[in-house]
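In what follows, a structure is listed as structure tokens, so that the remarks can point back to it.
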């Protein structure tokens, strides 16, 4: 079956959405999430924002379930989401959301509204900025902006591991991973089943690719995003 049978390890609902896109493109994916999403208790901070950054679809969903959050966001000067999936539910709620051309943190930081005035952007030191996302993950945005504005990190969910003992890897031709946590969960099962390190690994960013290489995988592809189009392009490159 080869690489045409990728194992999608994303959490739901993204796993099934991606699987359908891959089926439409001629692949025969196996859908077995390696992580699950656990939403955390969260309430709107007292210091209301001028700008909000949403780092995933899960973050946007949890935010919209919080009392008063939609009202706060509707009065916000600027909303940004890391990708179209993250922006989708926000837009359905009537919010105007900006998405960078590429779906990663570096691209968010190029938006004028998130670039400090001192660097030619529109972000003022007095602006309150919320980062809505999950626990762990990258600190790039916080490290870049925390001392350039009034920064507020809002962790509204966490990823938890899923038992993968039932997953048969015999026909898996590629590993499609969406995060370092998901990668590490997948790799643990892959190795326990005797999987080879030359399996193609399709990752959404250079950071996840680097971690895959550290774990000994030798055939890694940076899809430059978690969206279906990017993943399909990387899988076709892996087919080579």
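The values are calculated or read from the model by the stated rules, or taken from the named source; none is laboratory data. Note that the coordinates shown come from a computational prediction; the quantities given were computed from them, not determined experimentally. As a convention, Cβ positions derive from the backbone with ideal geometry for all residues, glycine included, and neighbour counts pool all protein chains shown.
Residue check, residue 134 against (1) under 27 Å from residue 39 (Cβ atoms); (2) in contact (Cβ under 8 Å) with a residue 60 or more places away in the chain; (3) more than 14 Å from the chain's Cα centre (by Cα); (4) in the same structural domain as residue 51 (by TED's automatic domain parsing), all met but one. Which one? For residue 134, the failing item is (3). Summed over segment 108-127, the residues that are without any contact (Cβ under 8 Å) to a residue 12 or more places away in the chain and in a helix (DSSP H, G or I) give a count of 3.
Go through segment 40-65 and count every residue that is surrounded by 15 or more Cβ atoms within 10 Å (Cβ to Cβ), in contact (Cβ under 8 Å) with a residue 40 or more places away in the chain and within 21 Å of the chain's Cα centre (by Cα). Number of matching residues: 13. Evaluate segment 12-27: report whether one residue or more is under 28 Å from residue 162 (Cα atoms), touching a strand residue (DSSP E or B) at 6+ places or on another chain (Cβ under 7 Å) and outside any helix (DSSP H, G or I). Yes. Among the criteria (1) within 17 Å of the chain's Cα centre (by Cα); (2) not assigned by TED's automatic domain parsing to the domain that holds residue 141, the one residue 28 does not fulfil is (1).
I'd like to verify a number: residues in segment 180-237 that are over 24 Å from residue 16 (Cβ atoms) and surrounded by fewer than 20 Cβ atoms within 10 Å (Cβ to Cβ), how many? Residues in segment 180-237 being over 24 Å from residue 16 (Cβ atoms) and surrounded by fewer than 20 Cβ atoms within 10 Å (Cβ to Cβ): 15 in total. Residue 198 meets each of the listed conditions (1) over 15 Å from residue 9 (Cα atoms); (2) outside the structural domain of residue 70 (by TED's automatic domain parsing); (3) part of a strand (DSSP E or B) apart from (3). Among the residues of segment 140-166, those identified as assigned to a loop (DSSP other than H, G, I, E, B) and more than 19 Å from residue 226 (Cβ to Cβ) are 146, 147, 148, 149, 163, 164, 165, 166.
Selection of segment 167-194 for residues being assigned to a loop (DSSP other than H, G, I, E, B) and under 17 Å from residue 29 (Cβ atoms) yields 167, 168, 169, 170, 171, 172, 173, 177, 178.
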